[in-house]
Every structure is written in structure tokens, then in C-alpha cells.
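Just below is one structure, and these are the notes that go with it.
The values are calculated or read from the model by the stated rules, or taken from the named source; none is laboratory data. Every value quoted in this text rests on a predicted model; they were computed, and no experiment measured them. Here the Cβ positions follow ideal geometry from the backbone for every residue, glycine too, while neighbour counts run over all protein chains shown. Only protein heavy atoms, including side chains, enter the accessible area calculation; ligands, DNA and RNA are left aside. Shrake-Rupley method; radii C 1.70, N 1.55, O 1.52, S 1.80 Å.
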Amino acid sequence: MRDVPIDRIMTPDPATIGPQQTVAEARRVLETDAINHLPVVEGDRLVGIVSSSDLLKLHLFDDKLPLVEAATVGQIMETSIIVLDRDATLREAAEKLSMGSFHALPVVDRKRRLHGIVTSSDIIGELLRRLAG
């Protein structure tokens, strides 16, 4: 299982958002697409990530909801992102996810162009498929 190329389980061309878009727009994309992680891109280059839990924290800690909704994604996104190279394996993804308090790894090339995303749910799904087979 450790040699499975990451492109076999990643979600290619995931939904994205730009840093100048609003938090309200990010929330709509997360809800509409039923996803929990939203890569932030400028052009095709990864510059950050926003998760549904990031948005939940904003709402819990700020009683001025209209102001939060008007904030830009660039103001709240996580910029210290752990990523996977396009040539990574399932094992590398599992190792990285096990080390942090995050649940998604954008898949990028050397120029940080976004090619996909792998989540902890993707890895668990692959494990379950292999256990069933």
C-alpha cells in the first residue's frame, strides 16, 4: 500500500477560491460542494487553505457576524500549508497527516500549482477498499 501513487486517491482539480473573495463566498462553496477544505489560489498557484472548522471558529469567537462575513479569504486563510508533491505516495500522505492537526493535503508541483487534494477521509476510504478486497 505504501507505493500507491497519490494521484490514484486524490481529488483532482478541487474546488478553489481566491484570496480576495469573501468569507461568505468561501462558506457557500464549502456548503454547496459538501467539502471541508478549500484551497486558496492566485491563478493556479496555491497560496493558502481555508477549512470549514476555520469558519466555525470565526463564528464562535466573533459576535459581529456581518463583519466576519465581509472579511476576505486572504485575511483568514492558513498560509503555512503542508503539501504533497505530485509524485508522492499514499504512505507519504498518511505520514504527513498523522503528524499534524490538519486533515487535508493539497497536491502541488514544484511551482506550487495545484493539481489535487488528499484528505484523511480519502486515505481511510482507500484503506477500507483494500481491507474489503
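Points to keep in mind about this one:
- Residue ID - nearest to L55 (Cα to Cα), chosen from residues in region 78-96 that are aliphatic (A, V, I, L, M) and touching a helix residue (DSSP H, G or I) at 6+ places or on another chain (Cβ under 8 Å): I82
- Test: I123 is modelled with pLDDT of 95 or more, out of contact with any Lys or Arg (no Cβ under 8 Å at 6 or more places or on another chain) and either surrounded by 15 or more Cβ atoms within 10 Å (Cβ to Cβ) or outside any helix (DSSP H, G or I) (or both): no
- Within region 10-24, tally of residues that are touching a helix residue (DSSP H, G or I) at 6+ places or on another chain (Cβ under 6 Å) and modelled with pLDDT of 95 or more: 4
- Any hit, region 32-47, residues being among the polar types (S, T, N, Q), at pLDDT below 95, under 30 Å from L127 (Cβ atoms) and part of a helix (DSSP H, G or I): no
- Subset of region 1-24 [assigned to a helix (DSSP H, G or I) and open to solvent by 60 Å² or more (accessible area, probe 1.4 Å)]: D7, R8
- The residue that is nearest to the chain's Cα centre (by Cα), counting only those in region 17-56 that are under 15 Å from V118 (Cβ atoms) and among the β-branched types (V, I, T), is I49.
- Among the candidates T79, T89, the residue that is open to solvent by less than 90 Å² (accessible area, probe 1.4 Å) and either closer than 22 Å to E25 by Cβ or free of Cβ contacts under 8 Å to residues at least 24 places away in the same chain (or both) is uniquely T79.
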